[in-house]
Amino acid sequence: MRVVWATDIHLNFLRPQGRAVFFSSIHDCRPEAVFVTGDIAEAPCLLDLLHEMRQAINVPLYFVLGNHDFYHGSIETVRRGIQDWCQTQSGLTYLSFSGLIELTPKTVLIGADGWGDGRYGDYHQSPVKLSDQELIRDFQGLNRDVVLAKLQALGDESAIYLREALTKALESYKRVMCLTHVPPFKEACWYQGKMGNDDWLPYFACKAVGDLLLETAQKYPQCEMTVLCGHTHHAGTIQILPNLYVKTGSAEYGQPHVEEILAIE
């Protein structure tokens with residue numbers, strides 16, 4: 001199965017002509033499906049741009065959402081709107097609510113949004129403050145301790161969902177592809193070829209999901225797990241265990257691109 005993967009495409013930064021060029025570059029790869037690991041647009045235009053992309057590429061589109069997708073909205077409202085809308089649209093699948101998707105008889109697809117859950121790095125000493133806290137309604141006006149509690153709850157939510165999906169997947173499939181927005185290990189939080197530092201790690205890696213993936217890969221050594229993520233805008237690949245790989249995609253605002261063409265057996 002031939003699949004195109006892209007991440008952090010930020011379609012709202014492009015004019016219609018620029019989006020058409022990007023969609024054409026995907027179409028030219030002749031994929032059978034497309035994966036997008038979050039930061040597709042922003043809440044007010046997300047549905048319209050997802051629909052535009054799906055119509056242009058004309059193959060099934062599987063995606064998770066990133067933090068930017070909730071800008072100028074709330075997490076629950078955006079998720080519910082996307083979930084309800086995808087149920088009426090052919091070829092659009094929001095993985096955070098879809099369960100297992102069989103890609104081939106040996107390979108299954110799962111996914112969850114993921115969040116920087118504040119458990120890596122040094123959250124309390126970090127001077128970093130993301131725009132999330134101003135532009136996502138759930139975080140507006142909260143103090144640092146409450147923000148941390150909310151980030152941890154969101155990370156835990158993704159891990160709980162993935163635990164259920166992985167339990168089902170590994171009963172029947174040899175390979176698992178997992179899409180998530182935020183790197184699940186600090187070692188996969190790339191910045192200019194190196195791991196992000198303790199100031200940025202709290203917001204750019206999700207330990208709750210990483211712990212789950214590590215536990216599962218150790219429990220099922222005969223199964224191969226590949227995680228695709230983004231968020232850092234810097235690319236890198238790391239092998240966490242012999243059967244657990246994490247690929248982090250690159251990005252630049254206003255210049256979305258095909259990150260990789262995957263051949264899935």
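Before moving on, here are some points about what is shown:
- Subtracting the Cα-Cα distance of Leu100 and Asp138 from 0.36 nm times their residue separation leaves 10.8 nm of extension gain.
- For Leu92, the residues whose modelled amide H falls within less than 5 Å of its own, excluding neighbours fewer than 5 places apart on the same chain, are Leu61.
- Calculated FRET value between Lys129 and Asp48, using beta carbons and R₀ = 30 Å, to 0.05: 0.50
- Listed from fewest to most Cβ neighbours within 10 Å, the set Met1, Met195 follows the order Met1, Met195.
- Across the range 1-80, the volume of the C-alpha convex hull divided among the residues equals 80 Å³ per residue.
- The distance separating the Cα centre of the range 194-265 from that of the range 76-120 comes to 17 Å.
- Rounded to 5, percent antiparallel among DSSP beta bridges of the range 2-263: 30
- For Lys150, the lysines whose Cα comes closer than 22 Å to its Cα, not counting residues fewer than 8 places off in the same chain, are Lys129, Lys186, Lys207.
- This model, with +1 at the C-beta of Lys and Arg and -1 at the C-beta of Asp and Glu, gives the range 2-263 a dipole about its Cα centre of some 480 debye.
- Note: the range 64-177, Cα convex hull, 110 Å³ per residue.
- Cut-off 20 Å, label 7 Å out along Cα→Cβ of Ser90, residues of the range 16-33 by amide N: 27, 31-33
- Using the rule -39500 (n - 2.57) for each DSSP H run of four or more residues, divided by the residues of the chain, the 222 nm mean residue ellipticity is -10000 deg cm²/dmol.
- Ranked Ile40, Ile264, criterion: other C-beta atoms within 10 Å, fewest first: Ile264, Ile40
- Extension gain from Glu76 to Asn58, taking 0.36 nm per residue of separation minus the Cα-Cα distance: 3.6 nm
- For the range 81-201, the dipole from Cβ point charges (+1 on Lys and Arg, -1 on Asp and Glu) about the Cα centre works out to 380 debye, to the nearest 20.
- Equivalent-ellipsoid semi-axes of the range 33-79, from the Cα gyration tensor, Å, largest first: 20, 11, 7
- When the alpha carbon gyration tensor of the chain is reduced to an equivalent ellipsoid, the three semi-axes, largest first, read 25, 23, 17 Å.
- A straight Cα-to-Cα reach below 18 Å connects Lys219 with the aspartates and glutamates Glu164, Glu171, Asp211, residues fewer than 8 places away in its own chain not being considered.
Every number in this text was worked out from the coordinates using simple rules, so none of it is lab data. Keep in mind the model is a prediction, meaning the values are calculated, not measured. With ideal geometry, Cβ positions are generated from the backbone for all residues, glycine too; neighbour counts draw on all protein chains shown.
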